[in-house]
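The values are calculated or read from the model by the stated rules, or taken from the named source; none is laboratory data. As the structure is a computational prediction, the values presented were derived from the model and not from experiment. So basically every Cβ, Gly included, is an ideal-geometry build from the backbone, and we count neighbours across all protein chains shown. Accessible surface is based on the protein model in full, side chains and every heavy atom, while ligands, DNA and RNA are left aside. Shrake-Rupley method; radii C 1.70, N 1.55, O 1.52, S 1.80 Å.
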Amino acid sequence: VKIRIDLRPDGAHFYLDRRKSGGGLPIGVQGRALCLISGGFDSAVAAWYLLKRGVELDFIFCNLAGGAYERSVISVTAALAKRWCYGYQPKLYIVPFSEVVGEIRAKVKQNYSQVILKRAMYHVAEKVANDIGAEALVTGEAMGQVSSQTLYNLRVIEDAIATPVLRPLVGFDKEEIITMSRFVGTHALSEHVKEYCNIAPKHPVTKGSVEVARQQEQEIDAGCYDLAVEQMKSLDIRETDTDDLLSDFLFTRELSKDSIIIHCTDHEDTDSWKMPGSQTFDAEHLMQNFTKLDKNKRYVLVCQYGLQSAVLAERMQDRGYEAYSYAGGVSQLRLASQSRVH
């Protein structure tokens, strides 16, 4: 056994091996930046590279898809911050983006909607960066990975703002990024996060024009950016207990028109009341087979007391589904159903 010894003024340190750390510079010596984070592999790894080089980061998340997505992104950002953001208290700014997306879908040519969405995110991020004194934005964009990340489109998107944009992963491929996410410690969480940035599934422009993008952007009510920032909330992300957030994002009593209600049954409640129009699955069967469900739908699960359905909803959220447990179980859902009828 080889035993290594370091002799120092405060004594001798004995050890068996060396482990490679992140290295780099102390956080803060290179100023402050704001990182656009989506919960996926790329943005978390990009943030780590800037932290390594001494940049103090705060984070901004443009939420396109509701509470379950928000909780996933908070979990990823908290894991990154608690492991690497020492010496300061980073904030996560959460911006509701559904109205901005609605404006884009209603007023922008479909093939340009993806580029305009990214420009919109840059606009909002720049407003926040100016407010907090950040010198630059940071993104996880990598050359050629998706339609908005061609060289042409990156130029078009960056034209939207004056603030510098740092892209530490621009020359990485996806496998390199995923491998690095394991070292950073966000891989296990990021692999279950479904990102919702793709709003132009058919024939998005890959060689965009700055002039066309500017013209399309003029169709949008710029007030929606200001409104999004006004509705923004912030978290001290290193102090955030993701377990405490669970109840905020796991339980609901909201039954929107697009919600699919699923009764989770077992042998004891097969004859209990079921809401008209709902679906019924054996709870154990659903636990094993929920990945066959459409990930683009919103699910509200209900069981006798709201506990078994909570376990299922949490498992579905961990795999990127928007799923909730109906608070209070069958009895509360039945009361809600009767009040709607009357």
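Please list 223-232, 141-150, 315-324 highest first by mean number of surrounding beta-carbon atoms within 10 Å per residue.
Averaged packing, sorted descending, gives the order 315-324, 141-150, 223-232.
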Rough spin-label spacing in nm, given labels placed 7 Å along Cα→Cβ, for residue 288 and residue 203:
4.5
Running Debye on the range 128-221 with equal point scatterers at the Cα sites and no solvent, what base-10 log of I(q)/I(0) appears at q = 0.13, 0.18, 0.19, 0.21 Å⁻¹?
-0.59, -1.07, -1.15, -1.27
Convex hull of Cα atoms in the chain, direction-averaged projection (nm²)
23.3
Place the peptides 326-335, 46-55 in order of packing, highest mean first, counting for every residue the other Cβ atoms within 10 Å and averaging per peptide.
46-55, 326-335
How would you rank 174-180, 95-101, 120-126, highest first, on the average number of other Cβ atoms within 10 Å across their residues?
120-126, 95-101, 174-180
Return the FRET efficiency for the residue pair residue 179, residue 18: r is the Cβ-Cβ distance, R0 is 22 Å, and the value is rounded to the nearest 0.05.
0.55
Which listed residue (15, 223, 186) has the Cα farthest towards the positive end of the charge dipole for the chain, taking +1 on Lys and Arg C-beta and -1 on Asp and Glu C-beta about the Cα centre?
15
Output for the range 76-197 (equivalent-ellipsoid semi-axes, sqrt of 5λ from the C-alpha gyration tensor, Å, descending) is 25, 19, 15
Restricting attention to the alpha-carbon atoms of the range 89-142, what are Rg (one decimal) and Dmax (integer), both in Å?
12.9, 41
Where both partners of a DSSP beta bridge lie in the chain, what percent of those bridges are antiparallel, to the nearest 5?
25
Per the charge dipole of the chain (beta-carbon charges, Lys/Arg positive, Asp/Glu negative, Cα centre), the residue among 96, 307, 206 reaching farthest to the positive end is 206
Taking only DSSP H segments of four or more residues, each worth -39500 (n - 2.57), what value at 222 nm results for the chain once the sum is divided by all its residues, to the nearest 500 deg cm²/dmol?
-12000 deg cm²/dmol
Tell me, what is the Rg over Rh of the range 29-70, with Rh the Kirkwood radius over Cα pairs?
1.05
The FRET efficiency for residue 278 and residue 319, from their Cβ-Cβ distance with R0 = 25 Å and rounded to 0.05, is 0.70
Considering only the range 6-102, percent of DSSP beta bridges that pair antiparallel, nearest 5:
25
Magnitude of the charge dipole, the range 59-178, Cβ model with Lys/Arg +1 and Asp/Glu -1, debye to 20:
220
Hey, if we sort 253, 71 by accessible area with the 1.4 Å probe, largest down, what's the order?
253, 71
Whenever you get a sec, line up 20, 295, 118 from highest to lowest accessible area (probe 1.4 Å, protein heavy atoms).
20, 295, 118
For each pair in 207/295; 127/207; 174/292; 52/174; 82/202, compute the distance between the two Cα atoms and list the pairs where it is over 32 Å.
82/202
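Compare 14, 281 by solvent-accessible area with a 1.4 Å probe and give them largest first, with all protein chains kept in place.
14, 281
Quick one: putting +1 on the C-beta of Lys and Arg, -1 on the C-beta of Asp and Glu, what dipole do you get for the chain around its Cα centre, in Debye to the nearest 20? Each step should come with its number before you reach the end.
Working: 40 positive and 44 negative charges, 174 e Å.
For this selection, approximately 840 debye.
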Counting only Cα atoms, I'd like the Rg/Rh figure for the range 1-112, Kirkwood definition for Rh.
1.20
With a 1.4 Å probe and every protein chain left in place, tell me how much accessible area residue 13 has, in Å² to the nearest 10.
80
Return the FRET efficiency for the residue pair residue 152, residue 297: r is the Cβ-Cβ distance, R0 is 41 Å, and the value is rounded to the nearest 0.05.
0.75
